[in-house]
Amino acid sequence: MKIPKELVQFLKKTTRIAVLTGAGISAESGLKTFRDAQDGHWSKYRPEDLATPQAFARDPRLVWDWYAMRRNKAAEASPNLGHFALVEMERHLNDFTLITQNVDGYHRQAGSKNVLELHGNIQKVKCYDGCGVVESWEEIDNEVPRCPNCNAYLRPDVVWFGESLSLGVINAAHKATLECQAFFSVGTSALVQPAASLAHTARQRGAIVVEINLDPTPLTSQVDFALHGMAGEILPKLVEKVWG
Ligand code: OAD
């Protein structure tokens, strides 16, 4: 994939960039994207039927086990060249915000600093009753662990279907989107709101919008530059051309 010359020239003069990432950026680390089929035992469940408050209320153990499997997969693998290219991009900019829908924590692990985790982080747990306790994940054997403060169940610190995003996080994402000169949408199917609307907001405010994805998405026809291919190949090449 050739990086368009006009894009390189524009980015060389840019100081404010916002990047939205989705599951596609972690695919090259070996993690399945959200909409890929599930493996083995889990193939009989749809993620949409496990990642809900109702599923946890019905069968906390089942939901814990599913997140434990996803967390272990994330712990076994590591960030890839796409994540590291975004760390490098941040080093060259005064104003850089990385907005991610991923819960794997790979952007921070790679070294990105200004990261907004829209859907939470699988490495943390919080009180199911909302008493405010947030802790890092502890391995559990048989029982779903209890909140040390109020004894309710602990649950993964992620946003489930039907739940609201943290207001502080989404407000910060909007601010970065409104103020950026270039907005990147990387490895996301651009289907889930409110993340999917950010690219449109950026465009309306005059930013150029760049999509990096293996396949076309509902956003593709509306972006200034659509770069089709693997994020782990395109991002390092782009960063090298602009700031290398
Ligand atoms: P999806 O699984 O919907 O989309 C992943 C996108 O990445 C697809 O468009 C793929 O074509 C693309 N892709 C795959 N491999 C790639 C690669 N190596 N390089 C570039 N692109 C690649 O995942 P998301 O868009 O992240 O929310 O899904 C958004 C949200 O939907 C998730 O965070 C989840 C779900 O509802 C919650 O759990 C709240």
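A short reminder: the numbers here are calculations on the coordinates, not readings from a lab. Quick caveat: nothing in here was measured; it's all calculated off a predicted structure. All Cβ positions, even for glycine, are placed from backbone atoms using ideal geometry, and neighbour counts span all protein chains on display.
Please name which of L116, V209, G162 has its Cα lying farthest along the dipole of the chain towards the positive end, using unit charges on Cβ (Lys, Arg +1; Asp, Glu -1) and the Cα centre as origin.
V209
Tell me, what is the FRET efficiency for E163 and R91 to the nearest 0.05, using R0 = 25 angstrom and their Cβ-Cβ distance as r?
The calculated FRET efficiency here is 0.15.
Relative contact order of the chain, please, whole-number percent, based on alpha carbon pairs below 8 angstrom and at least 6 residues apart.
It comes to 26 percent, rounded to a whole number.
Going by amide H atoms built from the backbone, whose H comes under 5 Å of the H on I99, apart from near neighbours?
Here the answer is V19, L20, T21, L116, since their amide H atoms fall under 5 Å of that of I99.
Taking the alpha-carbon centroid of each part, what is the distance from the stretch 1-67 to the stretch 221-244 in angstrom?
Here the answer is 19 Å between Cα centres.
Pull up all non-local amide H partners of K124: gap of 5 or more, or a different chain, and H-to-H distance under 5 Å with H placed in the peptide plane.
W137, D157
If you place +1 on the Cβ of every Lys and Arg and -1 on the Cβ of every Asp and Glu, how big does the dipole about the Cα centre of the chain come out, in debye to the nearest 20? Each step should come with its number before you reach the end.
Values: 26 positive and 28 negative charges, 142 e Å.
My answer is approximately 680 debye.
Go ahead and estimate [θ] at 222 nm for the chain from helices alone: -39,500 (n - 2.57) per DSSP H run with n ≥ 4, summed, over the residue count, rounded to 500.
For the chain, the value works out to -10500 deg cm²/dmol.
Run the quick spin-label model on R16 and S221: label points 7 Å from Cα toward the beta carbon, then report their separation in nm to one decimal.
3.0 nm
Can you compute the charge dipole magnitude of the stretch 70-167 about its Cα centre, using +1 on each Lys and Arg Cβ and -1 on each Asp and Glu Cβ, nothing else charged? Give it in debye, rounded to the nearest 20. Please list the in-between numbers first.
Values: 10 positive and 14 negative charges, 23 e Å.
Here the size comes out at about 120 debye.
Taking every DSSP beta bridge with both residues inside the chain, roughly what % is antiparallel (nearest 5)?
30 percent
Once you have a ≥ b ≥ c as the square roots of the Cα gyration tensor eigenvalues for the chain, tell me rounded if a/c is under 1.5, and otherwise prolate or oblate according to whether a/b is larger than b/c.
Since a/c reaches 1.5 and a/b is larger than b/c, the shape of the chain is classed as prolate.
At 7 Å along the Cα-to-beta-carbon direction for both L178 and W243, put a label point, then send me their distance in nm to one decimal.
Each label point is offset 7 Å from its Cα along the Cβ direction, giving 2.6 nm.
Mind checking the full-extension length gain between E135 and K113? Use 0.36 nm per residue of separation minus the Cα-Cα distance, one decimal, nm.
5.9 nm
At 0.36 nm per residue, minus the direct Cα-Cα distance, what do D36 and N72 gain on full extension? Give it in nm, one decimal, please.
Stretched out fully, the D36 to N72 stretch lengthens by 11.2 nm.
In nm, give the distance between the simple-model label positions of H200 and N171, each being 7 Å from the Cα along the Cα-to-Cβ direction.
2.4 nm
Residue by residue, what Karplus-based ³J(HN,Hα) values in Hz, rounded to whole numbers, does the stretch 66-76 have, using 6.51, -1.76 and 1.60 with θ = phi - 60° and x for Gly and Pro?
Karplus-based 3J(HN,Hα) across the stretch 66-76 equals 5, 5, 4, 4, 5, 5, 5, 4, 5, 6, 6 Hz.
How about the stretch 86-187: which GluC sites (Glu not before Pro) there are in a DSSP loop, with at most 16 other Cβ atoms within 10 Å of their Cβ?
Of the GluC sites (Glu not before Pro), the ones in loops of the stretch 86-187 whose Cβ has at most 16 other Cβ atoms within 10 Å are E138, E139, E143, E163.
Please work out whether the stretch 176-244 counts as rounded, prolate or oblate from its C-alpha gyration tensor, where a ≥ b ≥ c are the square roots of the eigenvalues and a/c under 1.5 means rounded, while otherwise a/b larger than b/c means prolate and anything else oblate? Walk me through the numbers on the way to the answer.
Values: a/c = 2.04, a/b = 1.24, b/c = 1.66.
In terms of gyration-tensor shape, oblate.
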